[in-house]
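Okay, structure first, notes after.
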Amino acid sequence: MPQIFHPATNAVSRISILLAAVVVTFGLWLVMAINRSDYVTQAGVARDQPVPFSHAHHVGDVGIDCRYCHTSVETSSFAGIPPTKTCMSCHAQLFADSPTLAPVRESFRTDRAIAWTRVHDLPDFVYFDHSVHVHKGVACVTCHGRVDQMPLTWQVASLQMEWCVDRHRDPDPHVRPREAVPRSRLRS
């Protein structure tokens, strides 16, 4: 019986299979690289907000402690977005007529919350408890970066599972020294 295919067809088939494997592998690598990129994770991108709130001014210049506004960070899984009355505790006197703060005054007057755009937005299936991390000595800058130097807040890290797991594998560089954690917050 005569051969249907020329003997060189075997070599072409092997090269085609190898090339297909390389293309699929490269495609998977490319998809994973894009998924981890700042473009997808929005790391390094300052989000538009209804009021251009500056952590650099409030935390860096004025020295307001994070817990003054984010009151539930030590007791709850959610750090909390401050109510408008927290802003107005100062801004009823300071910059009271500033047009930039008009949405804040309107929110206070109508008792409707300001619709802030979340900067650190984890997927719905992720359970993250701020209080546990704070009580164990994880510094805020580990996840949120130096907000005291951010005129507008942006996400500094991808906050993807891989990023979190890396910090859990080697937590020592990200934990405050034990003596820096107030005694009332230490848990054995």
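A few comments on the model shown:
- Residue in region 132-154 that is farther than 18 Å from Thr71 by Cβ and over 23 Å from the mean Cα position of the chain (by Cα) present: no
- Test for Val59: is it in contact (Cβ under 8 Å) with a residue 12 or more places away in the chain and assigned to a loop (DSSP other than H, G, I, E, B): no
- In the condition set (1) without any contact (Cβ under 8 Å) to a residue 24 or more places away in the chain; (2) under 24 Å from His144 (Cα atoms), Phe95 is compliant with all but (2).
- Filter result for Ser131 (hydroxyl-bearing (Ser, Thr, Tyr) and assigned by TED's automatic domain parsing to the domain that holds Arg176): yes
- Pairs with Cβ under 6 Å, 6+ apart, first in region 151-177 and within 25 Å of Ala56 (Cα to Cα), second basic (Lys, Arg): His174/Arg167
- Evaluated against (1) surrounded by 12 or more Cβ atoms within 10 Å (Cβ to Cβ); (2) touching a helix residue (DSSP H, G or I) at 6+ places or on another chain (Cβ under 9 Å); (3) at pLDDT below 90, Ile114 falls short on exactly one condition, (3).
- Any chance Gly60 is under 18 Å from Val141 (Cα atoms), touching a His at 6+ places or on another chain (Cβ under 6 Å) and surrounded by 11 or more Cβ atoms within 10 Å (Cβ to Cβ): no
- Here Ser76 qualifies as small (Gly, Ala, Ser), under 30 Å from Pro171 (Cα atoms) and assigned to a loop (DSSP other than H, G, I, E, B).
- For region 147-154, the condition holds for at least one residue, the condition being that it is part of a loop (DSSP other than H, G, I, E, B) and touching a strand residue (DSSP E or B) at 6+ places or on another chain (Cβ under 6 Å).
- Residue in region 106-125 that is more than 22 Å from Arg146 (Cα to Cα), assigned by TED's automatic domain parsing to the domain that holds Thr142 and acidic (Asp, Glu) present: yes
- Selected residue (criterion: farthest from the chain's Cα centre (by Cα)) from residues of region 155-170 that are under 19 Å from Arg36 (Cα atoms) and either in a loop (DSSP other than H, G, I, E, B) or β-branched (Val, Ile, Thr) (or both): Val165
- Against the conditions (1) on the phi < 0 side of the Ramachandran plot; (2) in contact (Cβ under 8 Å) with a residue 24 or more places away in the chain, Gln42 satisfies every one except (1).
The values are calculated or read from the model by the stated rules, or taken from the named source; none is laboratory data. In this text the structure is predicted, and so the values were computed from the model without any measurement. In this analysis, Cβ positions are derived from the backbone assuming ideal geometry, glycine residues included, and neighbour counts consider all displayed protein chains.
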